[in-house]
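Asker: One structure, pasted below without further comment.
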Amino acid sequence: MGNTIKAYKGFDKDLRCHGGFQYEIGKEYEQESAKACDHGFHACERPLDVFNYFAPGTGSRYCEVEQSGELDAIEDKTASSKIKIGAEIGI
């Protein structure tokens, strides 16, 4: 079994990411592979890094997530082939 990391993901007000993918709290999602800045489910291991992608005060929402499967990290974010959307958190 692969590694699982706890991370933080930002969304727009409708729980969509920049690519338009629709998420739901408590659901798990899977893709075949992950490549940072290209494909997969992206999240940040440090909570404040999420603000680089979804600024506070703009209607953004944030959740704790668990990333697993194939992992590929670059700079301040990690792409994964699997993600579980956990609890919504405030600023």
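The values are calculated or read from the model by the stated rules, or taken from the named source; none is laboratory data. In this text, all values refer to a predicted model and were calculated from it rather than measured experimentally. When we count neighbours, we look across all protein chains shown, and the Cβ atoms used for this are built from the backbone with ideal geometry, even at glycine.
Each row is one residue, and each column tells you yes or no for (1) among the charged types (D, E, K, R); (2) over 12 Å from the mean Cα position of the chain (by Cα); (3) surrounded by 12 or more Cβ atoms within 10 Å (Cβ to Cβ).
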residue	(1), (2), (3)
T4	no, yes, yes
Y8	no, no, yes
K13	yes, yes, no
G26	no, yes, no
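Asker: A further question follows. Any residue in the stretch 20-28 that is modelled with pLDDT of 95 or more, in a loop (DSSP other than H, G, I, E, B) and of a type in the set (A, V, I, L, M)?
Answerer: Within the stretch 20-28, one or more residues are modelled with pLDDT of 95 or more, in a loop (DSSP other than H, G, I, E, B) and of a type in the set (A, V, I, L, M).
Asker: Within the stretch 1-19, count every residue that is out of contact with any His (no Cβ under 8 Å at 6 or more places or on another chain) and either charged (D, E, K, R) or in a loop (DSSP other than H, G, I, E, B) (or both).
Answerer: Final tally of qualifying residues: 12.
Asker: Also, quick follow-up: Please list, ordered by first then second residue, the pairs with beta carbon atoms under 9 Å, 6 or more apart or interchain, first in the stretch 16-31 and over 14 Å from E64 (Cβ atoms), second of a type in the set (D, E, K, R) and outside any loop (DSSP other than H, G, I, E, B).
Answerer: Listed pairs, sorted by first residue: C17/K9; Q22/R16; Y29/K82; Y29/K84; E30/K82; Q31/E70; Q31/K82.
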